[in-house]
1. Using beta carbons and a limit of 9 Å, which pairs, at least six apart or on different chains, have the first residue in the range 179-192 and surrounded by 14 or more Cβ atoms within 10 Å (Cβ to Cβ) and among the hydroxyl-bearing types (Ser, Thr, Tyr) and the second one modelled with pLDDT of 95 or more and not in a loop (DSSP other than H, G, I, E, B)?
2. Of all residues in the range 247-279, how many are at pLDDT below 90 and of a type in the set (S, T, N, Q)?
3. Please find, among ASP82, ASP77, the residue that is in contact with a Gly (Cβ under 9 Å, 6 or more places away or on another chain) and charged (D, E, K, R).
4. For residues in the range 90-108 being in contact (Cβ under 8 Å) with a residue 40 or more places away in the chain, open to solvent by 40 Å² or more (accessible area, probe 1.4 Å) and not in a loop (DSSP other than H, G, I, E, B), which is nearest to the ligand (Cβ to nearest atom)?
5. Can you give me the number of residues within the range 164-178 that are β-branched (Val, Ile, Thr) and either within 9 Å of the ligand (Cβ to nearest atom) or surrounded by fewer than 20 Cβ atoms within 10 Å (Cβ to Cβ) (or both)?
6. State yes or no: is SER234 within 12 Å of the ligand (Cβ to nearest atom) and within 30 Å of ALA405 (Cβ to Cβ)?
7. Can we say VAL157 is of a type in the set (A, V, I, L, M, F, W, C), within 13 Å of the ligand (Cβ to nearest atom), modelled with pLDDT of 95 or more and outside the structural domain of PHE326 (by TED's automatic domain parsing)?
8. Please return the ranges of helices (runs of 4 or more DSSP H) entirely within the range 19-89 where 3 or more residues are within 30 Å of LEU322 (Cβ to Cβ), near the ligand (Cβ under 8 Å from one of its atoms) and open to solvent by 10 Å² or more (accessible area, probe 1.4 Å).
Amino acid sequence: MQENIQATPQGNKIQKITKEQYDVVIVGTGAAGLYAALNLAPEKKILMLCKRELLLSNSALAQGGIAAVMSPKDTTDSHFKDSMVAGGYTNDPNSLRVLVEQGPEDVRKLLELGVDFDRNSEGNIHMTLEGGHSYARILHHRDSTGLAIVSRLAELVCQLPNVEIAEHAMLVSVTPLNPGFSILCMDQSDQLVSVCCQQCILATGGIGRVYEYTTNSAIATGDGIAAAWEAGASVTDMHLIQFHPTAFAGAPGRERFLISEAVRGEGAILLNPEGERFMPHYDSRGELAPRDVVSNCIIKEARFLKKENFYLDITHKDSDYLRRRFPMIYEKLLEEGFDLTKDHIPVFPCQHYLMGGIDVDLDGQTTLPGLFACGECSHTGVHGNNRLASNSLLEAIVFARRAAAVINASEPLDHPLQPLPIPVQGTAPLARGIRTEIRAIMQRSFFVTVDYTSAKQGLQRIREILHSLRTEGHPITRDYIEAKSLCIVAKLVLEEVLKD
Ligand SMILES: Cc1cc2nc3c(=O)[nH]c(=O)nc-3n(C[C@H](O)[C@H](O)[C@H](O)COP(=O)(O)OP(=O)(O)OC[C@H]3O[C@@H](n4cnc5c(N)ncnc54)[C@H](O)[C@@H]3O)c2cc1C
């Protein structure tokens, strides 16, 4: 879906990583990585890595918007409560307080930086409603908010003289040097490069590609989470995975196009395979119940009716308004042969978001001093067991800014660091189909609900695959790195699922 994304400005992009030492290495150029770079002090020498093009990320796919309390009629208590209700009251109240109270300031900063959010006819920011929010507090840029945010942030980061951006540069591993880190990565020409830094920020996004069907971008293979875990950082709650209820189900392919929550926010209803509205029978909030509730209801209804063809219907709304409000969704669906203004749109749940991840404190600091994580790869606890719509872009920027502030305040090292030598590589060819096998295991074992028999058998097989990946002496290639990441992610998810 995102394959044609072109990187925007050239600015400070580098073709080769030539320096051995940086103050900070940021892995990832989504909302979290870019906002961290903008908030780091200008005297910091920064290297940013992204494994594909600059703008290929989950951030760039975000449609609905970013939630923040911007109106005097709205309150942070209400945003806090809505997030708690969605998260089943398992959210970390301290990190959630930080999110809802500091988020509006960061959103104002985005406005100052020139991010283009939609405005109403009076020139005020247009705020919309999404499932689980009790107030219209979602700022958006039509239905492609994430791209509007990251393309503006990328434009600004590309002008920073203290930052070097290496595209198609893939993190392989992070090794603590106590102090500092040695970072092994694969550069644009597939050469291994070792650099060191005082601090490292992991902003590598989600894990969607561990499933057969996901809304996530091709980069979402959990590489940062796997690298942090291998380095000894604490990673938890990996089973807290959000399955979005309304991914487009009318086309083949792994990356499923999301029909944003905002479409239900604007009045769309869900129809079962018999063409009947069913959500109100399960939940008084109907289609605007939180995502986990709606996904579970679809699965229950599908099992009851033994059919999976569900639909979203917003044909009762004015067609000109729909085309203006959802231009990107409208166009994408037309390409697939569906007219949002006239047709019922086939939808079904699919993997969407990870609530767990690398454990961090309120400043994005992991359990390894100097290693930070922010955005979707991190586990701040703000989402509890189910993320409230549009809270993740907010989480990405709030905690990225806080991590940058701690790094800015840290004392520089009084001695140079030395990166570790490039490891000697094996020559054993990697077996084909490993990633496909892992995805099939995950889809069978844990999709909205858990199949415990499949999960037990699956975990055993995943452990075998991981053992062979680690011991059979394969060369380090992009395929190898991703296969190992997916294997570690699958292992961590299934271990948590089977814990109770
Ligand atoms: C379809 C869709 C719609 C969404 N809609 C919304 C929404 O409306 N509102 C909302 O709040 N949230 C939404 N989300 C969730 C939100 O977009 C993400 O959670 C958030 O943007 C994640 O940002 P991030 O910076 O952590 O990661 P990403 O934006 O995914 O960026 C990850 C970066 O890490 C890099 N990377 C990964 N692995 C490596 C490696 N090994 N080496 C080097 N670089 C690496 C990638 O190249 C990329 O640059 C949506 C998600 C999807 C998929």
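1. From the range 179-192, the pairs are SER182/SER173; SER182/VAL174; SER182/THR175; SER182/PRO176; SER182/SER194; SER182/VAL195; SER182/CYS196; SER182/CYS197.
2. 1
3. Numbers: ASP77 fails: in contact with a Gly (Cβ under 9 Å, 6 or more places away or on another chain).
After applying the criteria, what remains is ASP82.
4. Going through the qualifying residues, I end up with GLN102.
5. Looking only at that region, the number is 2.
6. It is false that SER234 is within 12 Å of the ligand (Cβ to nearest atom) and within 30 Å of ALA405 (Cβ to Cβ).
7. Numbers: of a type in the set (A, V, I, L, M, F, W, C): yes; within 13 Å of the ligand (Cβ to nearest atom): yes; modelled with pLDDT of 95 or more: yes; outside the structural domain of PHE326 (by TED's automatic domain parsing): yes.
Against the criterion (of a type in the set (A, V, I, L, M, F, W, C), within 13 Å of the ligand (Cβ to nearest atom), modelled with pLDDT of 95 or more and outside the structural domain of PHE326 (by TED's automatic domain parsing)), VAL157 qualifies.
8. Correct list: 58-61.
The values are calculated or read from the model by the stated rules, or taken from the named source; none is laboratory data. If you're wondering where the values come from, they're calculated on a predicted model, not measured in any experiment. Note: ideal-geometry Cβ built from the backbone for every residue, glycine included; neighbour counts use all protein chains shown. All accessible areas refer to the heavy atoms of the entire protein, side chains included, with ligands and DNA or RNA removed. Shrake-Rupley method; radii C 1.70, N 1.55, O 1.52, S 1.80 Å.
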